[in-house]
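Working notes for the structure below.
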Amino acid sequence: MALSGSNGPTLIGTRIVLGVTGSIAAYKAVSLLRTLLREGATVQVVMTASATKFVTPLTFEVLSGHPVSTEVFEAHQEMKHLSLPEQADAIVIAPATANCLAKSALGLGDDLLSTMLLTAQCPVIIAPAMDGGMWMHPAVTEHVRTLRARGTIVVDPEEGPLASGKVGQGRLADEHKILAALQSALAPQRDWQGHRILISAGPTQEPIDPVRFISNRSSGKMGYALAEAARARGAQVVLVSGPTALPAPRGIEVVPVETAADMTKALSARLAWSTVVIMAAAVADFRPLHPASQKIKKQGQTDQTLALERTTDILAALSAQRTTQLLVGFAAETQDLIAHAKDKLTAKGLDLIVANDITTEGAGFGSDHNAATLIDRQGALIELPLMSKRAMADAILNKAHALLCATASNQASKPVAGRR
Ligand code: CTP
């Protein structure tokens, strides 16, 4: 990714937590903060108590435009060790002392910065600064190795004159190196660039009368997570969504629908545009045969029978119409998960099915988490243990992408093109 200057600001819309610890290089964090702001980031500074002895919090407050946090619990404030990393796209600690590296490697949490690192899910970039002898100490080397193994990005300090008057490796890395590490940590994978993905999500609502409908417990979260993940990975996405309480994801065309019939129409109309269809919606299988135009009154009745008719099996219909699109379906099951899912994969002519046991605790409808098994046409299974729906979305996209690549290379090796 380009550095500042050539292509304009590179961090617009990102939220960064800048952690500053008690090193003589703390003053360099002021310049780094200004660079991050120039790149368009919103920056919240967190200082350790010893860092405040080198640079005053006021300096960072004035420049960042946000109060500087030093304590885990500040009066009348939320729990910052949870809220700050939750809201951040990345955490940058520059400079990081040997003590900061050790606490992070060992999982110690005795101040806001170290506790925050225990809750962080976003990329963490640590730029150490210390005396050369300390940097070479086996304990520090071991801590850096541990942190890197866990996915923390450590930007090595540089050689040069040190505060002690000696020359060695320990100077805080040049801020452009720290910025480049941050930019590459935030740069999304773009493997879906050039693809057009049609995704369905949420439940459908089948009217009984103007005030009542038949529906199901789908929240739409899995389909929305797929749409966001695909968008972040470079795909153009159209999300055909049944009624949900979710906000429209950024950069994605959302087509709101209500009934299975609406959803059929919306998806069929966009099938030719798409290269991949992912059917995450929980479509009602039946709808009232004669929806009433006026509210149905009780009129003294003690029971009521509702005549239902089948809705279109949208996936099966899309499968019959498709040309080269990859088709991904879901199977929501309460028993015999794999057998039922395999039957659906075959019956609906799919390339991939996501088999969901909706009785798994902590997974399924309404939850932010899911567990599933991916099954392809060759019968290959991939078990996905309980994970966030966003992580599952990425896993599904990884497998779908691998299938697309396999199809493309099969076609390339055939003398005559044409998949179906
Ligand atoms: N599906 C569809 N149209 C329907 C019903 C389901 O396109 N009328 C799609 C779903 O979006 C899902 C897949 O088919 O991707 C399987 O849905 P599921 O509800 O698990 O199974 P059904 O096919 O409805 O079968 P059953 O209800 O008998 O389990």
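The values are calculated or read from the model by the stated rules, or taken from the named source; none is laboratory data. No experiment lies behind these values; they were computed from the predicted model shown. As a convention, Cβ positions derive from the backbone with ideal geometry for all residues, glycine included, and neighbour counts pool all protein chains shown.
Look through Gln236, Gln304, Gln294, Gln299 and report the one residue that is away from the ligand (no atom under 13 Å from the Cβ) and under 30 Å from Thr407 (Cα atoms).
Details: Gln304 fails: under 30 Å from Thr407 (Cα atoms); Gln294 fails: under 30 Å from Thr407 (Cα atoms); Gln299 fails: under 30 Å from Thr407 (Cα atoms).
Only one candidate passes the filter, namely Gln236.
Condition first: over 30 Å from Val155 (Cβ atoms) and away from the ligand (no atom under 16 Å from the Cβ). Now tell me which residues in segment 178-205 satisfy that. Lay out the reasoning, then the answer.
First pass over segment 178-205, keeping only residues over 30 Å from Val155 (Cβ atoms): 194-205.
Gly194, His195, Arg196 - these are the residues of segment 178-205 that are over 30 Å from Val155 (Cβ atoms) and away from the ligand (no atom under 16 Å from the Cβ).
Can you pull out every residue in segment 36-67 that is in a helix (DSSP H, G or I), under 30 Å from the mean Cα position of the chain (by Cα) and under 20 Å from Asp174 (Cβ atoms)? Leu36, Leu37, Arg38 - these are the residues of segment 36-67 that are in a helix (DSSP H, G or I), under 30 Å from the mean Cα position of the chain (by Cα) and under 20 Å from Asp174 (Cβ atoms). Scanning segment 80-111 for residues that are over 20 Å from Thr146 (Cβ atoms) and either touching a His at 6+ places or on another chain (Cβ under 6 Å) or among the basic types (Lys, Arg) (or both) returns a single hit, Lys80. All but one of (1) part of a helix (DSSP H, G or I); (2) within 14 Å of the ligand (Cβ to nearest atom) hold for Ala230; state the number of the condition that does not hold. (2) is the only condition that Ala230 fails.
Any residue that is under 25 Å from Asn398 (Cα atoms) and in contact with a Pro (Cβ under 7 Å, 6 or more places away or on another chain) - is there at least one of those in segment 282-297? Yes, segment 282-297 has at least one match. Among the residues of segment 320-337, just one is of a type in the set (S, T, N, Q) and crowded, with 20+ Cβ neighbours inside 10 Å, namely Gln325. Restricted to helices (runs of 4 or more DSSP H) entirely inside segment 308-420, those with at least 3 residues that are over 25 Å from Asp262 (Cβ atoms) are 337-347, 389-413.
Quick one: is Ala281 within 28 Å of Ile358 (Cβ to Cβ), aliphatic (A, V, I, L, M) and within 14 Å of the ligand (Cβ to nearest atom)? Considered against the rule, which asks whether it is within 28 Å of Ile358 (Cβ to Cβ), aliphatic (A, V, I, L, M) and within 14 Å of the ligand (Cβ to nearest atom), Ala281 comes out as yes. Checked against (1) at pLDDT 95 or above; (2) under 21 Å from Gln325 (Cα atoms); (3) surrounded by fewer than 17 Cβ atoms within 10 Å (Cβ to Cβ), Asp174 passes all but condition (2).
Yes/no matrix, rows are residues, columns are (1) surrounded by 21 or more Cβ atoms within 10 Å (Cβ to Cβ); (2) free of Cβ contacts under 8 Å to residues at least 12 places away in the same chain:
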{"residue": "Ala339", "(1), (2)": "no, yes"}
{"residue": "Asn356", "(1), (2)": "yes, no"}
{"residue": "Asp368", "(1), (2)": "no, no"}
{"residue": "Cys405", "(1), (2)": "no, yes"}
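When residues in segment 335-356 are screened for being over 26 Å from the mean Cα position of the chain (by Cα), near the ligand (Cβ under 9 Å from one of its atoms) and among the polar types (S, T, N, Q), 0 of them pass. Counting the residues of segment 323-358 that are closer than 25 Å to Ala269 by Cβ and in contact with a helix residue (DSSP H, G or I) (Cβ under 8 Å, 6 or more places away or on another chain) gives 14.
Tallying residues that are at pLDDT 95 or above and within 11 Å of the ligand (Cβ to nearest atom) within segment 311-332 yields 14. Any residue that is among the charged types (D, E, K, R), in a loop (DSSP other than H, G, I, E, B) and under 25 Å from the mean Cα position of the chain (by Cα) - is there at least one of those in segment 159-176? Checking segment 159-176: not a single residue is among the charged types (D, E, K, R), in a loop (DSSP other than H, G, I, E, B) and under 25 Å from the mean Cα position of the chain (by Cα).
Quick check on His143: is it more than 28 Å from the chain's Cα centre (by Cα), more than 26 Å from Arg390 (Cα to Cα) and either exposed (fewer than 15 other Cβ atoms within 10 Å of the Cβ) or outside the structural domain of Ala25 (by TED's automatic domain parsing) (or both)?
Values: more than 28 Å from the chain's Cα centre (by Cα): yes; more than 26 Å from Arg390 (Cα to Cα): yes; either exposed (fewer than 15 other Cβ atoms within 10 Å of the Cβ) or outside the structural domain of Ala25 (by TED's automatic domain parsing) (or both): no.
No: the conditions fail for His143.
Taking first residues from segment 314-332 that are assigned by TED's automatic domain parsing to the domain that holds Val276 and over 13 Å from Ile278 (Cβ atoms) and partners that are more than 13 Å from the ligand (Cβ to nearest atom) and modelled with pLDDT under 95, the Cβ contacts under 6 Å between residues at least 6 apart in sequence or on separate chains come to Thr324/Arg419.
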